[in-house]
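Q: Following this message is one structure expressed as structure tokens.
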Amino acid sequence: CLRVLGQEDLPHTLELTENTHTQGWQVATSLPPLKTKRSGFGSYHASGYDELADSPVEMGRFWSGSFKVRGVPHRFVVSGAGAWFDGERLLRDTQRIVETQIAFWHGAKDKPAFDRYVFMLYATDDGYGGLEHRHSTALIAKRADLPRLPGPDAKPGATEPALKATDGYTQLLGLISHEYFHTWNVKRLRPAEFKRYDYDRENHTELLWF
């Protein structure tokens, strides 16, 4: 996203258009929509360049699910998953993480200081990592670490086996929790001189900042 000097603080509009190569694609982003189709293609609003640059966009074919915590919608999109992927379990476990962290930061009743959030997970053969944003996070994980639907031999009503610390899915949940925690610590709690970004040079601080 190109930055126009002197216009960083002005409202920005992002236009995402379809073509013959994007048939069946969806769009996921934390930017507020202005006018979009059901697929997500259309126009989005950013309050300024900082929000535009800090809002990744996912376009393609992916699984999508959502839940709300204290009235705040959370969307989870996963690209690269197999047909065996248990998306509902991932949503349930992620919702527990979200509920716990919001309670940690805001107590039993208060709402968080954001009105939307998007988890974007790219499943690949071998990878691990994430990057936090104000209203979203971009994640990479091994496809083998995704939760799996019960096999054909599973007994009806059987409970899910307890997770071990060494399980790949446990590691994935840890990554989700880690990046979501940065929604507060890093994206909203940071040194005073970082109130705005300087894209022309490194942003240093002499503070002991955790």
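The values are calculated or read from the model by the stated rules, or taken from the named source; none is laboratory data. Here the structure is a predicted model, which is why all the values come from computation and not from measurement. Here Cβ is always computed from backbone atoms with ideal geometry, including for glycine, and neighbour counts include all displayed protein chains. These area figures cover heavy atoms from the full protein model, side chains too; ligands, DNA and RNA do not enter into them. Shrake-Rupley method; radii C 1.70, N 1.55, O 1.52, S 1.80 Å.
Q: Which condition from (1) over 28 Å from HIS21 (Cβ atoms); (2) of a type in the set (Lys, Arg); (3) part of a strand (DSSP E or B) is the one that ARG75 breaks?
A: (1)
Q: While we're here: Any idea how many residues of the stretch 113-135 are more than 16 Å from the chain's Cα centre (by Cα) and either of a type in the set (Phe, Trp, Tyr) or open to solvent by less than 40 Å² (accessible area, probe 1.4 Å) (or both)?
A: Here the count works out to 2.
Q: Tell me which residues, restricted to the stretch 174-210, are closer than 29 Å to GLY6 by Cβ, in a helix (DSSP H, G or I) and among the charged types (D, E, K, R). If you could, list the steps in order and put the result at the bottom.
A: Going residue by residue through the stretch 174-210, those that are closer than 29 Å to GLY6 by Cβ are 186-188, 190-205.
Narrowing the set further to residues that are in a helix (DSSP H, G or I) leaves 192-194.
Scanning the stretch 174-210 gives a single hit, GLU193.
Q: Within the stretch 136-149, can you find the residues that are open to solvent by less than 70 Å² (accessible area, probe 1.4 Å), part of a strand (DSSP E or B) and closer than 13 Å to GLY174 by Cα?
A: LEU139, ALA141
Q: Moving on to the next point. How many residues, within the stretch 41-61, are open to solvent by 50 Å² or more (accessible area, probe 1.4 Å), outside any strand (DSSP E or B) and over 19 Å from PRO11 (Cβ atoms)?
A: Adding up the residues that qualify gives 1.
Q: For the structure I just gave you, tell me whether PHE210 is modelled with pLDDT under 95, farther than 17 Å from SER55 by Cα, hydrophobic (A, V, I, L, M, F, W, C) and open to solvent by 100 Å² or more (accessible area, probe 1.4 Å). Quick ask: steps written out before the conclusion?
A: Numbers: modelled with pLDDT under 95: yes; farther than 17 Å from SER55 by Cα: yes; hydrophobic (A, V, I, L, M, F, W, C): yes; open to solvent by 100 Å² or more (accessible area, probe 1.4 Å): yes.
Criteria met by PHE210.
Q: Checking the conditions here, which among PHE181, PHE194 is aromatic (Phe, Trp, Tyr), closer than 23 Å to GLY48 by Cβ and open to solvent by less than 80 Å² (accessible area, probe 1.4 Å)? Don't jump to the end; show me each part of the working.
A: Values: PHE181 fails: closer than 23 Å to GLY48 by Cβ.
After ruling out the rest, the residue left standing is PHE194.
Q: Mind checking which residues of the stretch 73-82 are within 18 Å of GLY60 (Cα to Cα), modelled with pLDDT of 95 or more and not aromatic (Phe, Trp, Tyr)?
A: Initially, the stretch 73-82 is screened for residues within 18 Å of GLY60 (Cα to Cα), giving 75-82.
Next cut, modelled with pLDDT of 95 or more only: 75-81.
Of everything in the stretch 73-82, those that are within 18 Å of GLY60 (Cα to Cα), modelled with pLDDT of 95 or more and not aromatic (Phe, Trp, Tyr) turn out to be ARG75, VAL77, VAL78, SER79, GLY80, ALA81.
Q: I'd like to check something: does the stretch 62-71 contain any residue that is open to solvent by 20 Å² or more (accessible area, probe 1.4 Å), among the β-branched types (Val, Ile, Thr) and in contact (Cβ under 8 Å) with a residue 12 or more places away in the chain?
A: No, the stretch 62-71 contains no residue that is open to solvent by 20 Å² or more (accessible area, probe 1.4 Å), among the β-branched types (Val, Ile, Thr) and in contact (Cβ under 8 Å) with a residue 12 or more places away in the chain.
Q: Residue check, SER30 against (1) closer than 17 Å to ALA138 by Cβ; (2) out of contact with any Lys or Arg (no Cβ under 7 Å at 6 or more places or on another chain); (3) crowded, with 16+ Cβ neighbours inside 10 Å, all met but one. Which one?
A: With (1) closer than 17 Å to ALA138 by Cβ; (2) out of contact with any Lys or Arg (no Cβ under 7 Å at 6 or more places or on another chain); (3) crowded, with 16+ Cβ neighbours inside 10 Å applied to SER30, the lone miss is (2).
Q: Right, something else. Given the conditions (1) open to solvent by 40 Å² or more (accessible area, probe 1.4 Å); (2) among the hydrophobic types (A, V, I, L, M, F, W, C); (3) more than 16 Å from the chain's Cα centre (by Cα), which single one is not true for PHE85?
A: (1)
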